[in-house]
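Here's the structure, in structure tokens; my notes come after.
Here, each number is a calculation from the coordinates, and none is a lab measurement. Note that the coordinates shown come from a computational prediction; the quantities given were computed from them, not determined experimentally. Cβ sites come from the backbone with ideal geometry, for glycine too, and all protein chains shown count toward neighbours.
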Amino acid sequence: MRIVVLDDYQQVAADFADWDGLGAEVEFVPRPIRDDDDLVAVLTGAEVVVAMRERTPFTADRLARLPDLRLLVTTGRVNASIDADAARAQGIVVCGTESTTSATPELTWGLILSVVRSIPVEDASVRNGGWQQTVGGDLDGHRLGVVGLGRLGTKVARVGQAFGMDVVAWSQNLDAERARGLGVRAVSKEELLSTSDVLTIHYRLSDRSRGLISTAELEMMKPNAVLVNTSRAGLVDTDALIAALESGRIRGAGLDVHDLEPLPVDHRLRSTPRTVLTPHLGYVTEDTYRIFFTQAVENIAAWAKGQPIRVLG
């Protein structure tokens with residue numbers, strides 16, 4: 001049995017699980033897949049593939065070019081970049097893993113604090129022999145606006161409350177009673193945008209939510225507001241955000257997700273002012289990887305015995 005573990009960017013997947021116990025040929029691919037032909041070349045002869053979240057899409061066309069594939073394991077319980085119907089039609093079993101719910105909220109607050117207090121700028125100043133360059137913003141007594149009050153948004157909201165922030169939330173189907181029980185007030189999208197000092201996004205990307213934050217929404221925001229996105233890049237119109245940052249329309253942005261990943265070297269975001277950029281680190285933690293890869297190995301072992309587990313519907 002040949003197993004290929006894709007997108008092992010940090011070259012650490014081998015350290016987080018007992019791959020040798022599978023008694024199979026296991027290959028770890030440390031680079032991004034370039035295109036369809038590259039994917040086919042890498043996966044030819046592989047019966048099992050482990051996909052890291054949504055880094056490499058598996059469309060119907062791509063799956064059709066992988067006749068050897070029998071088991072596709074994705075880290076996490078949901079992977080929108082896998083055509084599950086096409087996989088089933090081709091006789092490919094698709095399994096997932098559990099994950100933590102703490103890693104992304106923790107990074108969210110790292111980005112919020114980094115933007116509000118200009119930590120990267122001040123760090124660079126000290127390292128270059130300088131001293132204070134900026135005047136930071138405040139959180140206590142200010143408003144945190146949460147777009148999407150699900151598992152992750154709720155954790156972010158609780159930290160905001162610990163900082164003494166007034167926490168409000170909006171989503172298209174937000175249960176106002178549930179929000180109230182969490183100490184969060186449900187508001188309209190317009191109020192959320194126009195009154196929040198920090199706006200953080202924790203929303204599922206769909207055809208309906210794509211471009212949720214664009215020019216009109218950014219123009220509603222306060223001039224000193226900060227926007228943070230650790231969810232999906234498609235929720236925010238990148239060109240509109242860059243224009244808002246370049247013009248000084250909002251205070252700053254912290255972004256962990258990008259339209260193209262890895263972010264191209266010449267991408268405008270790399271030179272956009274008042275930004276803190278991270279390379280999609282939301283789920284990249286030791287505890288999360290330990291769950292991902294340990295359960296991926298368990299999934300493969302169970303499938304090999306004819307008793308697949310954690311099969312995605």
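The residues 42, 50, 226, 167, when put in order of fewest to most other Cβ atoms within 10 Å, stand as 42, 167, 226, 50.
Cross-link partners of residue 189 among lysines, defined as those whose alpha carbon lies under 19 angstrom from its own and excluding same-chain residues fewer than eight positions apart: 222. Computed from Cα atoms, the angle from the helix 103-116 axis to the main principal axis of the chain rounds to 30 degrees.
In terms of surrounding Cβ atoms within a 10 Å radius of their Cβ, 151, 185 rank from fewest to most as 151, 185.
The aspartates and glutamates whose alpha-carbon is closer than 16 Å to the alpha-carbon of residue 155, local same-chain residues fewer than 8 away aside, are 106, 166. The distance from the alpha carbon centre of the stretch 162-188 to that of the stretch 24-103 is 37 Å, rounded to a whole number.
Extension gain, residue 121-residue 290: 0.36 nm per intervening residue step, less the Cα-Cα distance, totals 57.5 nm.
Residues 59, 200, ranked from the fewest to the most other C-beta atoms within 10 Å, line up as 59, 200.
Starting from the Kirkwood Rh over alpha-carbon pairs, what translational D in µm² s⁻¹ does the chain have by Stokes-Einstein at 37 °C and 0.692 mPa s? Answer from the Stokes-Einstein relation: 156 µm²/s. Charge tally for residue 191 (other residues, Cβ to Cβ under 11 Å; Lys, Arg +1; Asp, Glu -1): +2. Of all DSSP beta bridges in the chain, what percent run antiparallel (nearest 5)? Here the antiparallel bridges make up roughly 5 percent for the chain.
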